[in-house]
Every structure is written in structure tokens, then in C-alpha cells.
Amino acid sequence: MNNRIYSFLGNLLILTGVVVGMTGCSKTIDESQPVAYLPTNLDETAGNWKTYVLTSPTDVTLAAPAATNSTTYQAELSDLKTQSKTLTTEQQQAVTYWGAGAVYRWNEIARELSARYNLPPASTADGKYPVPDAANPLADPRFPFANPPYTARALAYLSVAQYDALVATWYYKKQYNRAAPSTVDSGIKPALPVAAMSSYPSEDAVVAMASYTVLKAMFPGEVPYLDAKLAEHQNSRLWAGMNVASDVSAGTSLGSQVAAKVMARAKTDGMSTSNNQSVTGGMIKDVQTRGLSEVWVSQESPARPPMLPNYGVVKTWNFDQATMVKIRPDAPPAIGSPEFTKALDELKTIQRTQTREQARVANYWADGVGSYTPPGHWHRTAANAAHDARYSEVRMARTLALVGTALMDAAICCWDTKYYYYYPRPQQFGLKTSVGLPNFPAYTSGHSTFSGAAAVVLSGIFPDQADDFMAKANEASVSRMYGLIHYRFDCEVGMACGKKIGSFATARGKADGSGL
Amino acid sequence: MRTHLKMMVCAALLLPAICQAQMPHDAIYMNKNAVCVAGLYGHSTWSQYWENSLKRENLNIGTHTTQSVMVMPAIGISKRVNVILSLPYVWTSTSAGNLLGQRGVQDLSAWLKVNAFQRGGFSVHAIVGGSLPMGNYVPDFQPMSIGMQCRTLTGRLLLNYKHPATGLYVTTHGSYGWRSNIRIDRDAYLADDRIYNVNQVNVPNTYDAALRVGVLRRKWQAEAFTERTACLSGDYIRRNDMPFPTNNAKATIVGVYARVQPRNIGVNARVGQVIDGVNTGQSTSYTVGLLYLFNWKKP
């Protein structure tokens, strides 16, 4: 009998051991960190590439640098030697962090801010939803509510500012052609790979200041956080022995000038009227006139005003308003039509039989509250692809500007379509959701439109990965059916329209003088 | 060494004590070779919750309900060493809104309970428990998920004094719970107000402490208890956000427990009420169980 007891206890100990052994006790999170690289191509003629907001790099000015044999420069070099000689652990970490890429890191920061601010306001006791106030960004509700259209726009302006500023940077680098400090003085030991090109102005300082300026406007409650990031990025170039102080200050000036011009466009692009709720009455009346028997109604309690019903008026990047109206999808099936019933029945079946794999796909692409939204997801995909391809800063920025403007165009077109058709969600016909229900009309699917647009642009830039991007886009699209919040026609039509939207950005890229 | 389960109509005569309780948090032991199987039904609801420390309702949830059925055998290895196993099936629902209820087999738990020291009515018990997720449920669709997908390991020290003549007892225990990291379907998530660009989530470890006062007699038991369970770290639900596995959930619970078991068949019931919390629902819960004592026939 004792044997049996001991064998049982033995088994239990083994079970305990298995539990511990399988896990280890470590609870650290293994996040892979991108590393610095030397670009495969320096893109030395990028100063001639077509910009978005600047008409020419000479729209902004930059004074000629001091010669490398001047006493001014020699004093800077000597200062740089001191600064880069011995680093604290924190300084080393900052060098490594920013060394992964200036555009890459600021895009990542912007995605993080978007996620942190992607929270719908809570209702007040009297059942109202207060509107976030840009003048008081940290009050409840915080400004902004970084929903998908907001985030698409914030990331688009960020990428455009970075791109235009870097084109100007490349222009002035070529014009002034001042060598890197470590090339001038072999006593400087740079901590990062040094490209064989002019280091005046510092492209890092340009990107830092341009990004800072855009993000400060988009996330006005984060000024202290952004101040710290800006200072760290600027200092990291000195700690790394990569730039002398005047490289950095010139870059800061250039980045600031370009970002000011880009933000001037943002201020007048129509965003200030995007949440004009008074337009919905007319929209509903129009769609009823066109024959829709049941219009979209907020499923939240208390009913929440729809998300940015007037976002469709915001200025697009890669085509004009008339083109947008032309590519607006045809009307969805009438409520109760056989096509509608078939689509609704398909969702009812998924609700009954949702597989774990369907749930996984729905969750992976949900990009809902507290996330960087689908535009952020595709920016991440684009930034990682460009990083893997060892793109230069200017080509990385071009990639993100092409993708980013396409994503914002997708947001504008899709929101225009959503409010033009004002089509009800499946939840108005009894469906539940496993991902959370967005508070705006169904037709067409935003995820599908975003994904179609981004995948087309990325496929043009990285043709060898086209199949993968398209597969991702299709999965993102169908994920909304698996999550039970979109009919198949929302997804398929949205995807087709997204691809059209993306092709405009691709065409722009073909004609931007890059030869890419 | 053929064994089979035998109903305990006559076993009651062979064993000095009948089927006692079977919890990993009491000082009661099965006799050697006795197995008491509990079939439990649990029901827990909340209509208010603490979003961080803000107590609120949510009209898009209404009343949130978690139900479970569970098989829980307690096995007497010896009179001072017991093993308790449990495996629940759990399902969730809400009375309002449109969040899809989740259901499935949750986590298998195993507890080893040892009466390490006994003098008179005073005893000290060392208890070790572990759990493994058995179902492939989604862990981060809160508050609808049926579990967290953590592997856990819990160490507990339990002190008990029972007055031999009256059966009056007081029990206190404290535990440390280790919880593994989990993997979610997404490859980026927000926690601690930052983005983690990875699918791995750090779930905080836990502690608990409890005080129980009751009467334990041959055929029945009655108890009042208070429990405090909390995480040792973690982040806090943001304004109007949903919960997440990284949250530092804390709760103080008061309740009563009773068991009646005149013979091999018995019933038990537990009622609990969360009276204070952070990042958690203000749950009212009850569990009812049917107990049945089996005996291993001796060779």
C-alpha cells in the first residue's frame, strides 16, 4: 500500500515539476529589438524626389556650414570627442535605440501614442458623451480620441513631414557636402555605422524635429514626453559620435521649417469639421430617399454619436474630391433582399460555429480600442519591411509616406462611403461580436479598405513580398466577418475600393523621380 | 492490486470518519483510501465593477454572469496527506450589449495538502497547488474570457485550531501564487501605458490571505469567512477601457459556507460577496455541490 502512495506522490511531484519546468520562472518579455544598419543604397539623388507639401527643397533655407578646417568646427569636434568618449549605460541604450532608425523610431512612437489615446469617451451621468477638447487634452475625456481616421491622419502627416524634410535634407547634404566627424578626425570612434555621405544637416535631427512638431500638434497632452524624446534623440547623435552640434542644430532648423509647412496644410484640411454631427440628419434623409429601409443606429447605451460623420470632407492626398466620388462603391444590397439575407445568414452560422482559428484571425486583426488601429498596423508592417530591406532614412520615409497617404485616403473614402450609405450593422439584426462593435455604419469595411490600399502600395514597393501582403490584407478583411461585425459584401467591396485607392499612391510613387 | 470504486453504504462502517470537506483551504482530511468526489455548480454575477478604483456600471454589459460546473475529487493518500483535483467547464454571458459569451473547459488544478504538525487542536498545514489550462480559450477578450491561460503554482501555509469538544475552529492562511506569461492572438498590445510589440503577456503574480471561523461536526460544518486576493503588481484599467490580463486585480470577499453530510452523500453551499476591489467586478457568487464518498477496496 505504501508503494502506491509513494508512487502517487511521485507522480504529483513530477506534475509539479512539469508545471515549473515548462515555464521556467522567468517572466521577462522577449521583444525583438531592431538594430542599426548601413543602408544598401544611399539614395544620393533623393534631393530631386517629388515632395508632397513643399514645392521644392528651397522652400526652406539652410545656412552654409563652417568648413571642417575652421576653428568653429574644430571646437565642435573637440567637444564631440569629450561627449562620445565614455557613455553611461543610459546613454548607450539611447544610442542603440535611436540607431535603429530615426523614421522607424518616430513612427513607432506615433503608433504607441495612437494606442494610448485610442479610447472612446465615457458617457456622463446624464447620458451624454463629452467631446475631447484639444485645449484641455488631459481632462476626461482625453484629447484626442485616436480612432482609426484620426490615427490614419496623424500618421500620414508624420510620414509626409518626415519625407519632405528628408528630401530637403538630401538636397542640402549634396549642396554642402560636409563629411562626417569620424571621417574628418579618426580620433572620433562612432558607435553606429557611418554612411559615406554628407553629415550636414543631421538627418536624425531633421526627422526628430519634424516628427516632434507634428506629434505635438496631434497629441497636445504629450508635450513633456515628446520633449524628452526629442532631446534624447538629438543628444544620442553626439553621444554616438555621429554628428557635431552644428549638424544637429541645422537639422533641427530644417525639420522645424518643413513641419511648419506640413502642419499648415493639416490646419486647413477639413479635419476641424469632421465631427460635425449636424450633418447626419441630412445623410439619413438622403439615404432613405434612395430606398434604405433601415438606417444605422448606434448600438451603444446610451446611444453614442457616430464616429466622425463628416470625415469624408477631409482633403485627400493622392487624388481629388471628384475622383473620390467617382470611386465611391455602388450601393449595398437592400435590407431583406436575398443577397442581404444570405450575408446575414452566413454571419449567424459563424456565430454558432466560430472556430478557434476564426477567433484567432478576428483577434489578430481586431486593432480595436487601445490599439494603434488598422492604419497603425499597416504602418508597422511597412516600417518593418523597409527596415528589413535596409532602406536609407529617405527611402524609409518615402515608403511610409506612400503607405500613410494611401491609408488616410482610404479612411476618407471609406468614411464618405459609410455615411453616404448609412448602412446598419449585423448587430441591428441580433448578432453578437467577439471583437467589439465600432460605432459607425457598416458599409464598407474600414479594415478591408485600409488593408487593400496598404497591401497594393507595399506590393508595388516590395514586389517579391506581394503575395504575403495580399494574403495579410485578405485575412484582415475576412477577420471582420469572423468577428461578426461586417457582412461579406462590406469586406469584399471595401477591399476592392481600397486597392483602387492604393493604386493612386503607387502611381505617384512611380512618378516621384525616385526611379523606384 | 485491482481496485475499484465501491459505494459507501457499508464503507461508513469501515471508516471512522465520513467524507469531510475537500477544499485546498481547510484543515480537513480524507482518510486513507477514501475518495470524495464533489460535483459543483458555480454562479457569479456583477452589475457594477471597479474600473481602476472607480466604481461604475456599464449599460453595454448590464449584468455579467459566469457559470461553471466542476468535478472535484479529494483523495486520501493518508490521513495527513490529501490530494485534490478539479476541472471546471465555464461559460459567460451578459444581460445587455453585444459581447459574445465564451464557453469551454478551463484549467486543471491539483493540490497536495499535508498536515505537517499537529498538537492538540492546533495544526499547521503546507499546501501546494498547480494548474494547467486544458482548453484553447481566448484569454484576453475580457470580461467575457473564461480564464487567463496561465499556468500557476501556489504555495500556501494554513494554520488551524479546532476545539476538540465543541468542533469550533478558526483557520487562517496565506498564499503566494506564481502565474506564467501567456500568449495572445495579437502581436501587439497596450499595457503599463506602453505598446508591447509581441504576443507574450506578463500576468502578475498573486497573494491571498483569509480568516475562517466555524463549527465542524461529524455530519455538518458551518463557516463564515473573509478572503483577500490581489496581484503583487500589474497595471490599472484606464478610463472607459476594458480589463486586460496584466491588470492588478484586487478583491476582498466575505461569505459563508456550509456542508451537511449525514452519510456518504452530502451537499455543500458557499455564498460570497465582493465588498471591495480594484480592477474587478463586484461579484455576488454562490456554489452548490453534491458530494459523494467512495472507498478504494483494500486488496
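Only the coordinates and a few stated rules stand behind these numbers; no lab work does. These numbers were taken from a predicted model, which means no experiment stands behind them. All Cβ positions, even for glycine, are placed from backbone atoms using ideal geometry, and neighbour counts span all protein chains on display.
Brief remarks follow.
- Charge tally in the Cβ shell below 15 Å around B:Leu85, where Lys, Arg are +1 and Asp, Glu are -1, B:Leu85 excluded: 0
- Note on chain B: dipole from Cβ charges, positive end direction compared against B:Ala224, B:Asn295, B:Asn160; the farthest Cα belongs to B:Asn295.
- Counting only residues at least eight positions apart within a chain, or on another chain, the lysines with an alpha carbon under 23 Å from that of A:Lys432 are A:Lys342, A:Lys348, A:Lys418.
- Across all directions, the average flat footprint of the convex hull enclosing the Cα atoms of the stretch B:50-99 is 5.9 nm².
- Only Lys, Arg, Asp and Glu carry charge here, each on its Cβ (+1 for the first two, -1 for the last two); on that basis the protein assembly as shown has a dipole of about 3580 debye about its Cα centre.
- Look at the stretch A:356-365: the mean tally of other chain Cβ atoms within 10 Å of its residues' Cβ atoms is 4.
- Equivalent ellipsoid semi-axes - Cα gyration tensor, the stretch B:141-299, angstrom: 37, 18, 15
- The alpha-carbon atoms of the stretch A:90-210, seen along their principal axes, cover 69, 32, 21 angstrom, with the largest extent given first.
- Listed by chain and number, the aspartates and glutamates placed with their C-alpha closer than 18 angstrom to that of B:Lys32 amount to none; residues fewer than eight positions away on the same chain are left out.
- Rg of the Cα atoms in the stretch A:251-314, relative to 2.2 N^0.38 Å, amounts to 1.70.
- Only Lys, Arg, Asp and Glu carry charge here, each on its Cβ (+1 for the first two, -1 for the last two); on that basis the stretch B:34-295 has a dipole of about 1240 debye about its Cα centre.
- Summed side-chain charge close to A:Thr72 - residues other than A:Thr72 whose Cβ falls under 13 Å, Lys, Arg +1, Asp, Glu -1: -2
- Cross-link pairs A:Lys216/A:Lys326; A:Lys173/A:Lys229; A:Lys261/A:Lys510; A:Lys50/A:Lys216; A:Lys174/A:Lys510; A:Lys50/A:Lys472 - those with Cα-Cα distance over 28 Å: A:Lys216/A:Lys326; A:Lys50/A:Lys472
- Think of the protein assembly as shown as having a plus end and a minus end, set by charges on the Cβ of Lys, Arg, Asp and Glu; of A:Gly452, B:Tyr137, A:Val297, B:Tyr137 sits farthest toward the positive end of this dipole.
- Ranked by how many other beta carbons lie within 10 Å on average, peptides A:61-71, A:379-389, A:201-211, A:253-263 from highest: A:201-211, A:253-263, A:379-389, A:61-71
- Charge context of B:Leu158, other residues only, Cβ under 9 angstrom, K/R +1, D/E -1: +1
- For A:Leu42, distant residues with modelled amide H under 5 Å away: none
- Value of relative contact order over chain A, rounded to a whole percent, pairs C-alpha under 8 Å and six or more apart: 19
- Here, the stretch B:34-295 yields an orientationally averaged convex hull projection of 13.7 nm² when only Cα atoms define the hull.
- Using only side-chain charges placed at the Cβ, +1 for Lys and Arg and -1 for Asp and Glu, the dipole size of the stretch A:279-511 relative to its Cα centre rounds to 180 debye.
- Rounded to whole Å, sorted largest first: equivalent-ellipsoid semi-axes of the stretch B:184-261, Cα gyration tensor: 39, 13, 10
- Take each residue in B:232-242, count the other chain C-beta atoms within 10 Å of its C-beta, and the mean is 3.
- Once C-alpha pairs closer than 8 Å and six or more residues apart are averaged by separation and normalised to the residue number of the stretch A:279-511, the relative contact order reads 29 percent.
- The translational diffusion coefficient of the stretch A:279-511, from Stokes-Einstein at 20 °C and 1.002 mPa s with a Kirkwood hydrodynamic radius over alpha carbon pairs, comes to 119 µm²/s.
- Chain A, Rg to Rh (Cα coordinates; Rh as Kirkwood inverse mean 1/r): 1.05
- Within chain A, helices built from complete DSSP H runs that reach 27 Å or longer along their own axis (Cα positions) and carry a mean Kyte-Doolittle hydropathy of -0.5 or higher are A:2-23, A:148-176, A:245-267, A:393-421, A:488-510.
- In the stretch A:304-363, a dipole from Cβ-located charges (positive for Lys and Arg, negative for Asp and Glu) runs towards its positive end, and of A:Ile327, A:Thr355, A:Thr316 it is A:Thr355 whose Cα lies farthest in that direction.
- Within straight-line cross-link reach of A:Lys81, aspartates and glutamates at Cα separation under 17 Å, skipping those fewer than 8 residues along the same chain: A:Asp185, A:Asp247
- Relative contact order, percent, the stretch B:34-295 [alpha-carbon distance under 8 Å, six or more residues apart]: 18
- Sequence-ordered 3J(HN,Hα) estimates for the stretch B:212-224 from the Karplus curve with 6.51, -1.76 and 1.60 and θ = phi - 60° stand at 10, 10, x, 10, 10, 10, 4, 10, 7, 8, 9, 8, 10 Hz, glycine and proline given as x.
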